Amino acid sequence: MMRMEVAESGGGVEAASEAESATAMAVYERVARMASGNAVVVFSASGCCMCHVVKRLLLGLGVGPTVYELDQLGAAGAGGGREIQAALSQLLPPGQPAVPVVFVGGRLLGGVEKVMACHINGTLVPLLKQAGALWL
């Protein structure tokens with residue numbers, strides 16, 4: 001079990017950046033727990049058309065992904081939908097949309113472009129089988 005200690009800091013800026021860093025780590029840890037909870041996890045926004053495309057593709061392949069609608073998780077506090085979306089956007093290559101983000105077997109697959117590329121080149125189904133999301 002991890003033990004945390006609070007150190008006194010003389011500088012207000014240092015204390016603020018340490019608090020922000022701790023909050024960011026808490027969000028990343030929450031994302032890691034959520035992503036590893038099921039074979040396929042999709043972080044989505046309920047009104048996003050590209051999120052809908054990814055979810056329909058996975059369902060069409062016979063996968064029942066766990067879907068987290070970030071706009072419905074709430075906005076305030078560490079680990080709310082906005083904070084999770086900001087953390088996820090840091091994991092993706094620059095210039096990619098913040099949602100959808102797909103994890104397969106607890107590992108980041110990527111956004112819509114990566115999912116579609118894997119589907120087209122034939123590597124998506126083997127990844128899903130390896131993660132235990134497909135049996136046939």
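Checking the stated criteria, GLU83 turns out to be charged (D, E, K, R) and farther than 16 Å from CYS51 by Cβ. Determine whether the range 52-70 contains at least one residue that is surrounded by 20 or more Cβ atoms within 10 Å (Cβ to Cβ), part of a helix (DSSP H, G or I) and within 11 Å of the chain's Cα centre (by Cα). Yes: the range 52-70 contains one or more residues that are surrounded by 20 or more Cβ atoms within 10 Å (Cβ to Cβ), part of a helix (DSSP H, G or I) and within 11 Å of the chain's Cα centre (by Cα). Taken as a whole, the condition of being closer than 20 Å to LEU108 by Cα and modelled with pLDDT under 90 applies to ALA24. Selection of the range 81-125 for residues being open to solvent by 70 Å² or more (accessible area, probe 1.4 Å) and within 15 Å of VAL63 (Cα to Cα) yields only HIS119.
One residue alone among GLY37, GLY74 is outside any helix (DSSP H, G or I), of a type outside the set (Val, Ile, Thr), touching a strand residue (DSSP E or B) at 6+ places or on another chain (Cβ under 9 Å) and at pLDDT below 95, and that residue is GLY37.
The values are calculated or read from the model by the stated rules, or taken from the named source; none is laboratory data. Small disclaimer: the values here were computed from a predicted structure and weren't measured. With ideal geometry, Cβ positions are generated from the backbone for all residues, glycine too; neighbour counts draw on all protein chains shown. Areas reflect the complete protein model, heavy atoms only, side chains present, ligands, DNA and RNA absent. Shrake-Rupley method; radii C 1.70, N 1.55, O 1.52, S 1.80 Å.
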